[in-house]
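Peer 1: Please see the structure below; I have some questions.
A short reminder: the numbers here are calculations on the coordinates, not readings from a lab. Quick caveat: nothing in here was measured; it's all calculated off a predicted structure. Cβ sites come from the backbone with ideal geometry, for glycine too, and all protein chains shown count toward neighbours.
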Amino acid sequence: MAERLTRKQMADKYPNQWLGIRNIVYNGREIETAEVIYTQRTASELGLLSLKGEDVQPLFTTPDMVFQLGAAGGMNSGTEV
């Protein structure tokens, strides 16, 4: 059964993992709320479900709102080449 949560609630309840969400309500560019329909899935699994026609959007949660792949900035940021 789908559970409607805010973006913060998703990050608090399911920290650092991929979620499958749908019926997203946006507040400008930010996700305000969405229904969580999948947990404990990989990005690949969620992507395949979407490609097969299922109404699902992958979302990676981070409690502190940092980027999944690391800090923003160039590879040589702060160093001389």
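Peer 1: Once amide H atoms are built 1.01 Å from N in the peptide plane, which residues 5 or more positions from TYR38, or in another chain, come under 5 Å H to H?
Peer 2: Excluding prolines and chain starts, which carry no amide H, the hits are GLY20.
Peer 1: Another one. Using DSSP to define loop residues, name the trypsin sites (Lys or Arg not before Pro) in the stretch 1-31 whose beta-carbon has at most 11 other beta-carbon atoms within 10 Å.
Peer 2: ARG29
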